[in-house]
Each structure stands twice: as C-alpha cells, then as structure tokens.
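Undergrad: Once you've had a glance at the structure underneath, I'll fire off some questions.
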Amino acid sequence: MFSYSTLKISISIFFLSLSSVNYAQKDTLITRAPADTSFYKLNMDAVYNRPFLNIKKVPVAFGGYLEANSIYSTTDGVTEGLSFQARRLTLFMSASITKRISFLSEFEYEDGTKEIGIEFAAMDISFHPLLNLRGGIVMNPIGGFNQNHDGPKWEFIERPDEAVEMLPATWSNVGFGLFGKAYKGNWIFGYEAYLTNGFDDSVIDNDHNKTFMPASKENKSRFEESNNGIPLLSGKIALKNRKIGEIGLSYMGGVYNTFREEGLIVDDKRRLDVLAVDFNTTLPKIGTYIVGEASYTMIDVPGTYTQQYGNKQWGMFIDIVQPILRRKILDWNDASLNLAARLDYLDWNVGVFNESNTNIGEDRLSITPAISFRPSKQTVLRLNYRYSWDTDILMNPKVRTATWLFGFSTYF
Amino acid sequence: MTLTNFIRFTFKSFIMFKIQLFLLLAFSMIVVILGCDKIMPNAPEDFEVLDGPIEGLTQEELNRFGKGDEAFGEVFTSENGLGPIFVANQCASCHAGDGKGTPFVQFTRFGQSDSTGNQFLNFGGPQLQHKALPGYSPEVLPGGAPSTMLIAPAVSGLGYLDAVEDAFLIALSDPNDANGDGISGRPHYNNVPSYVIFRPNSIESNGKYICRFGKKGAAYDLLHQTSGAYNQDMGITSLFEPIDPYTGLEVDPEVSIETINNVVFYLKTLKAPIQRDVNDPDVIAGKNLFNQIDCAKCHTPTLQTGYSPISVLSYQEFSPYTDLLLHDMGPELDDGYTEGFALTSEWKTPALWGLGLSKDSQGGVYYLMHDGRALSIEQAIELHGGEASNSRSLYNQLSPTEKLQLLRFLESL
C-alpha cells in the first residue's frame, strides 16, 4: 500500500538530495535579495518579485530557476514507461539603468534545449506609481498564471491546463503599454494595458485538431512583425485587500488571422476575444492558500470551416494548498510540508453540432493531489499524482490517464 | 528551559506531529482510495474495443501496423495539404476508434443516377467537399443533381473481407433469384483504376472486376478506397489520385505512397470485432432467429479467406455477417444516386460485426444504415424493403421476447 512508510522514505530522500546544495550566503561579494512577499505585491509584480543575486557595486541583479522531474504515465492501460524531464531553466536579469528606469529580461530553455525563448525583455519608465511606461517583449496580462508562473511558486509540476492548453502561457509579445498601482488602507489597486503583436491563423489551423491559441507560440516571427498589422489589446485590473485576497479581471482581444497579403484582402477579419478572472487568498488561522483562474474565449471561426475547431472555449483551475508543518527541519529554519490538490477543467469546444444538435465534447477534467516539501521558500520538492478524463469531440467513452510526477523546482 | 517546559514542549510537538501524521495518512489514503487498481487505468478488454491488431502478427508486421495507425490519426492542416476544400481533416475523425461515424462528418455524393456514369464530374462530383479552409469557398450541391448522404462504416476486420476470393462471393450470389426466395444478391462488377493490385484468382467480366468496398461496393480494394478517401474526403493528392478536387488540376503528391501503403496495411491487420456474451441463452436464441427469419441470407454469418501474403489472414474462417453483395433494398432506401453499375436502390450488405460497439464511436447513440437515419437497431430493420421485405415481415411477426432475443444477439456482435 502507498502509505506512511513509503512517504517517510521519499521524504528522507528529499532531505538527502538537498543536503548537498550549498547556499553561498557567506560570500560577501554576492548578496541574495529574497522575493518580497509583502502585501503590496500583485500578480503583475511577479516578474520583478523574485529572489535576485546582487553583485556588489554592479547595478545588475541575476536570478533564475530550474525545474526537473520524473514522470510515469498510463493512458487506458498503455504506458511509455518512466522518463526524466528537464522542463525548464529560466534565467532573469534586472538592471536599474538610472533613476526611474529599469530593465528586466527573462530567458527560458524549455524541454531540455528544444526551445529557447525570450519570455520577457522590457524597459520600464516610471513617471508616477500610477503611470509607468513599459516597452519591449512584454507578458500579456491575461489571467494570473501567465504573469506569475515561476515553477518554485507552485506545488504542482504540471502547469494548469487552462493556462497552457487553452490560454498560451507563457504568452509574451513585442509591444508597449502602461501600468500602475495605487494603495489606500488595506486596499491595493493595479492596472496594465498593452498593445502588442498577437495571434495568427494557426489558432484554427493546427495539428492539435482543435482551436488552440497556444499554437501561435510556435510562430517566432511574431517578435519581428505582426501578421496582420492590427495590434492585440490586452489589459488587466487587479484589486487586493490585505485581509481578503487578490482578484484580477483581464481581457485580451484582436484580429488573429492574416486577412491581407501584399495589400490584397484575402480573407475576412476574424477576431479572438478572451476574458479571464483570477484570484488568490490565504485563509486566516489555518493558512490554506487558494489560487484559481477561469477564462472564456470567443473565436470567430468561419462557418464553412470544420466544426472540429470550436468558436467558444472555457476553462478553469483551482489549487488548494494546506501547509501541515512549518518549522525547522535539519538545517532549514523555515521548512514546510504541504498537502495540495488541483482541479483542472477545460472545454475546447463549447456548443452543439450543426448536423445533429448534440453537444460537442472535446473536454478534459483532471484532479491532482500533491505533497510538497519546501526546505525554504525558494525551493520545492513535489510529488504529484494526476488523474484525468479526456472526452473526445463526439462524447465517446472517456480516455483515462493517470500520471505520477516527482521532481523539484528551485530558484538559484 | 526548565524540565517541565521541556516536557510540555516535547509533548506539544508530539501532538502536533501526530496531527500532521494523521493528515498525511488521510491524504495517502485518498490517493489509494481513488481506486487501488484504478490508480493506473487499465486497458479496456479486447472485446470492448474495435481498434488493435490481429493477434499473431510478426514484429515487423506490428511495426507497419503502428505506422499505419499513426497515419490514420494524422491531422491535416493547410501546412500538410488539407483541402483547400474537404470534408474532414483526419481519417480518424470520421472513423473514430476505427468505428462508425456520425452525422457530424457525414458527406454527400452526387451526380450519377444510372450506369452511364457521373454527369456532374465538371461540377465537383462525385463528392461534395462542403468545408473549406478560411478564405476559400466550399462546394455547394448543384441544382438537379441526384445525391445521397453517407456515414462512415467501421473499418475493423477489413483485411479478412479483402482476402475473400471472388469465386466465394460468386457462389453466394443468386443474381436471378434461381432459388425463388426473393433475395438476389449480385457482385458489383465495376471498372477499376490502374493502380489497384488484383487479388489472387480475381474474376473479370468484360474488363470489369468484382468490387466490394464502400456502401455501393464500388471500390475494388483497400488501396482504392484509401487513395480515394485521402483525395475526396480531405483534399490530399497522391501519385494514385493526383487531381486536386478544388482546382481540378494535377498537383504534386501531398501524401506519399509509403504512407498510403502503411494505412492499407493497418486496415488489413485491424482485428475482427470480437463477439461478447456468446453463451448467453438469449444471444443463442437470437442467433437462431436471425437465421430463421432470413437475415442470414444477406448478412452471411461466416465467410472464408483465400491466400494472403499476411499469414494470419490466409485461409481463415470468420464471421462478418455480410455477403459483400448488392441487394435491391426498395424505394425507401433509394436515394436516386448510384456508383458504378449498381442500381440506385441497391446497397452492399454491411457487415454486422461490431454493431454492438457502434455507440462507442457515435457518441453513445446509434446512427445506422447508409446515412445514419436509423437511430436504433429496430428502426434499421424496419427500413429494410425490396429484397428484404419478406425478412422484415417475418421480424414483425416475432413475439416481443423473440424480438428482444434477436436484439440481444445483434448487440453482442
């Protein structure tokens, strides 16, 4: 039986594997600035709000994180066996150029070295706390996960389905925009609004066989030019109360298809619009942390195209994290052990078939119980078990997949 | 720290630890309760699904089967040749799980009403590509064209049907109803494209050959059916079928011969559906009724293969419940459209194996007969006219129990 003894062994392994990690705090040349967890931070601050290494007198700070894990998965009795994955190595660098002007960039090596991307590279000019200009490669502020996605912040090895299989996390584009924040009493308010390059035809013309916004991430030329000359608008407002939590409302929309070529109009202009709401809160006393997000998408798909590619989608996820132990363990003063559970739901094709008026499937439900151990806030060791039910477009018997994942994610 | 304090502290930590331990255990129990065996989902039993290879294939054959399986699931987009006009973008979207299709991916064939051939080839015939890539216009049915709607049949066990020798089918046929039972099945002699590979001992008549695939039995073999499907269903050209349905021009092949051959191999080596509840008394009684009321005269229970280079298919007896012959099914199923030299009222007897599993690829409901118009097995039987009228009357004379037994048998297939 999967029980305490197994757990005890796994936990001891966590400890052993970590005991070799040496945090060079003593080195006075390099100082470690931990992430600011104060109440003044919103999801939108996540890019700057990370642990950084400062080198004495150098106006540049470095940081990054690494994630790796093992995975064993079975779909309806069929398994590919055990594999190890180096999911991502992310490096970030920030610099104060002069007063009121700063720069931050983030590079990511995904899936080994298969994909290397600039996730973020922007310059911020601050005129007033409520008025800052940001330009460069910016993260489109849609939902909360897209902004606040660093692995070590989460108890789950897989990113939420809604954020990566419906919305294109980590979705960033070249563009400009404004952001700002204001405080009053227990309240904090933030906004962001950007115009950037955006999606392309692959949203409805891709081998995922469904309307799939993340397909546009594969198009790297979006960093060079817009595919249709009409910018994507994305914006978010967030409100946080010290005692209650944070809620964000966001929107992203624009024309996604290439409707003109060499000046000729070759197609109708077709829009894509996304609305998202995200929230997070920590329950007083018991310390339960709850974070979630839901989004709804409308995509103009031509009526003469196949209904395989849906014109409406919606999805959500919710994470509940319960710290059950927080104390000194071995040499770690602020170690914690957490139980967590995630619920994912995604419907890639909302609606009914024209031909039969029956419901269109194409959805997925997953639950993921998890145990995580954090020797410190910066590092997490995670054991996840994920069970998901996939329904095909015709609503035939569900395909069941169970996955064991074990791995770590750590800032460095 | 005083001793009492120390003891209190230790005790408190111990209690705390107990609580945590309890939570941990509770949690791991939840994981276990999720289903001791369900914790990793089991494979469905072989008899519950239509997909999967015939038992006894060699490793090399399994390898080709795997490649064909992958190609059968390949999704076509504008990148790899879809359309620009098409019906669906994947073999598997119409033949989900190798089973029957649904109205969502049905298609229309049009343009021919007699053996003089298709009069609408210059107007997009024989198949209506009613979907198009963004920016293109799909076809619309030309006014006055005779047409029919077709729903995809299951593709399991086709290797066995393909390996039956022509002489066997001729022996089953009775074109002039010599035995006077009102049933006169005939093989469909049709013209065949130059690329088909004739099966051993194939029988020719005036340059025409016995064809057996498709609802009108107009396709000679699985290569003929597959090349046509790539071309007409998805707008994918090949060396076999090089004409793009949109422009009507010959274009570069969009799928390789190797891929087509792999798909054909896959279709040939898909296992035959496995009957369930064989020993159930109702099923046994139903099977007897099936024979008694003449269903078996067209839905022939057992056929035999001849030689096949795939050794598991050679000289095998199998139970598809079809004679692969054309039958006049009466005016109700006569859509006024035909292919090759079949009459508009004639249809090839469909295999009934796998019938009970149809719902698993049709979204939990039945869509039966060529266009899916029958939403239950009973409705399908009631639509039998023409040569099958007699059999239908016999069915209607059955007692409710007997009808149920027949139904149980059909669902066990």
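Undergrad: R0 = 60 Å: FRET efficiency of B:PHE168 with A:ILE290, Cβ-based, nearest 0.05?
TA: Given R0 = 60 Å and the Cβ-Cβ separation, E is 0.30.
Undergrad: Moving to a separate point now. Tell me, which residues of the range A:332-373 get at least 40 Å² less accessible area when the other protein chains come in, versus the chain alone (1.4 Å probe)?
TA: Residues losing area: A:LEU339, A:GLU355, A:PRO369.
Undergrad: Can you give the accessible area per residue of the protein assembly as shown, in Å², using a 1.4 Å probe?
TA: So the protein assembly as shown comes to 45 Å² accessible per residue, rounded to a whole number.
Undergrad: While we're here: Beyond 17 Å, what percent of the Cα pairs of the range A:235-301 remain?
TA: Pairs farther apart than 17 Å: 58 percent.
Undergrad: Please report the spacing between the Cα centers of the range B:139-159 and the range A:98-136 in Å, no decimals.
TA: 55
Undergrad: Counting Lys and Arg as +1 and Asp and Glu as -1, each charge on the Cβ, what is the dipole of the range A:4-411 about the Cα centre in debye, to the nearest 20?
TA: Dipole magnitude for the range A:4-411 comes out near 2460 debye.
Undergrad: Something else about it: Only loop residues by DSSP count here, and only those with at most 14 other Cβ atoms within 10 Å; note down the GluC sites (Glu not before Pro) in the range A:215-246 that meet that.
TA: Sites meeting the loop and neighbour criteria: A:GLU224, A:GLU225.
Undergrad: Still on this structure, please answer the following. Can you tally the net charge around A:ASP124? Count Lys and Arg as +1, Asp and Glu as -1, for every other residue whose Cβ sits under 11 Å from the Cβ of A:ASP124.
TA: +2
Undergrad: Label points 7 Å out from Cα along the Cβ direction at A:MET93 and B:GLU48: separation in nm?
TA: Modelled inter-label distance: 5.5 nm.
Undergrad: Mind listing the phi-derived Karplus ³J(HN,Hα) values for the range A:277-289, rounded to whole Hz, using 6.51, -1.76 and 1.60 with θ = phi - 60°, and x for any glycine or proline?
TA: Karplus values, whole Hz, x for Gly and Pro: 10, 9, 8, 7, 7, 10, 6, x, 6, 7, x, 5, 9.
Undergrad: Return the calculated 222 nm mean residue ellipticity for chain A, to the nearest 500 deg cm²/dmol, obtained by summing -39500 (n - 2.57) across DSSP H runs with n ≥ 4 and dividing by the residue count.
TA: -1500 deg cm²/dmol
Undergrad: How big is the range A:4-411 along each principal axis, measuring the range of its Cα positions in Å and listing the largest first?
TA: For the range A:4-411, the Cα spread along each principal axis is 65, 57, 43 Å.
Undergrad: Pairs A:LYS181/A:LYS217; A:LYS41/A:LYS184; B:LYS287/B:LYS403; A:LYS312/B:LYS131; B:LYS215/B:LYS297: which are spaced more than 21 Å apart, C-alpha to C-alpha?
TA: A:LYS181/A:LYS217
Undergrad: Moving on to the next point. Quick check: at a probe of 1.4 Å, how many percent of the accessible area of the range B:253-296 sits on carbon and sulfur atoms?
TA: The nonpolar share, carbon plus sulfur, comes to 48 percent.
Undergrad: Then there's this: May I ask you to give the percent of accessible area on the range A:4-411 that is carbon plus sulfur, with a probe radius of 1.4 Å?
TA: For the range A:4-411, the apolar C and S fraction of the accessible surface comes to 62 percent.
Undergrad: Output the DSSP H helices from chain B with an along-axis C-alpha extent of no less than 20 Å and a mean Kyte-Doolittle hydropathy no less than 1.6.
TA: Once both thresholds are applied, what remains is B:3-33.
Undergrad: Using helices alone, what [θ] at 222 nm do you get for chain B, with -39,500 (n - 2.57) per DSSP H run of 4 or more residues, divided over all residues and rounded to the nearest 500?
TA: So the calculated ellipticity at 222 nm is -9000 deg cm²/dmol.
Undergrad: Where does the charge balance sit around B:LYS271 when Lys and Arg score +1, Asp and Glu -1, over other residues with C-beta under 9 Å from its C-beta?
TA: Combined, the nearby Lys, Arg, Asp and Glu give -3.
Undergrad: Return the sequence-ordered ³J(HN,Hα) values of the range B:372-387 in whole Hz as given by the Karplus equation 6.51 cos²θ - 1.76 cosθ + 1.60 applied to θ = phi - 60°, using x for Gly and Pro.
TA: These are the phi-based 3J(HN,Hα) values: x, 6, 8, 9, 8, 5, 4, 4, 4, 5, 5, 7, 6, x, x, 4 Hz.
Undergrad: Specify the inter-centroid distance of the range B:253-315 and the range A:372-407, based on alpha-carbon positions, in whole Å.
TA: Measuring centre to centre over Cα atoms gives 39 Å.
Undergrad: Answer rounded, prolate or oblate for the range B:90-143, using the Cα gyration tensor with square roots of eigenvalues a ≥ b ≥ c: rounded when a/c is under 1.5, else prolate when a/b is larger than b/c, else oblate.
TA: Because a/c hits 1.5 or more and a/b fails to exceed b/c, the range B:90-143 counts as oblate.
Undergrad: While we're looking at this one, here's another question. Taking 7 Å along the Cα-to-C-beta vector as the label spot, tell me the A:LEU130-A:PHE223 distance in nanometres, rounded to one decimal.
TA: If labels sit at A:LEU130 and A:PHE223, their model points lie 3.6 nm apart.
Undergrad: Taking only the alpha-carbon atoms of the range B:131-203, what semi-axes of the equivalent ellipsoid follow from 5 times the gyration tensor eigenvalues under a square root, in whole Å, largest first?
TA: Rounded to whole Å, the semi-axes are 34, 20, 14.
Undergrad: Here is a further query. Within 10 Å of each candidate Cβ there may be at most 11 other Cβ atoms; applying that plus a DSSP loop requirement, which GluC sites (Glu not before Pro) in the range A:261-311 survive?
TA: Those satisfying the criteria are A:GLU262.
Undergrad: Give me the accessible area buried between chains A and B, both sides summed, with a 1.4 Å probe, in Å² rounded to the nearest 100.
TA: Result for this pair: about 3900 Å² buried.
Undergrad: Same structure again: Sort the range B:359-413 into rounded, prolate or oblate with this rule: let a ≥ b ≥ c be the square roots of the eigenvalues of the Cα gyration tensor; rounded if a/c is under 1.5, and if a/c is not under 1.5, prolate when a/b is larger than b/c, oblate otherwise.
TA: Oblate, because a/c is 1.5 or more while a/b does not exceed b/c.
Undergrad: Counting residues in the protein assembly as shown as N, plug N into 2.2 N^0.38 Å and put the Cα Rg over that result.
TA: 1.14
Undergrad: Local charge sum around A:PHE408 (other residues, Cβ-Cβ under 15 Å, Lys/Arg +1, Asp/Glu -1)?
TA: Taking every Cβ under 15 Å from that of A:PHE408, the sum is +2.
Undergrad: Between the range B:365-413 and the range B:161-225, how many Å separate their Cα centres?
TA: A separation of 26 Å, based on Cα centres.
Undergrad: If I compute solvent accessible area with a 1.4 Å probe over the protein chains, what percent of it on the range B:356-405 is carbon and sulfur?
TA: Here carbon and sulfur together make up 54 percent of the probe-accessible area.
The values are calculated or read from the model by the stated rules, or taken from the named source; none is laboratory data. Treat the numbers as computed from the prediction; the structure is a model and nothing was measured. Heads up, the Cβs are rebuilt from the backbone with ideal geometry, glycines too, and the neighbour counts pull from every protein chain shown. Just the protein is used for accessible areas: all its heavy atoms, side chains included, with ligands, DNA and RNA removed. Shrake-Rupley method; radii C 1.70, N 1.55, O 1.52, S 1.80 Å.
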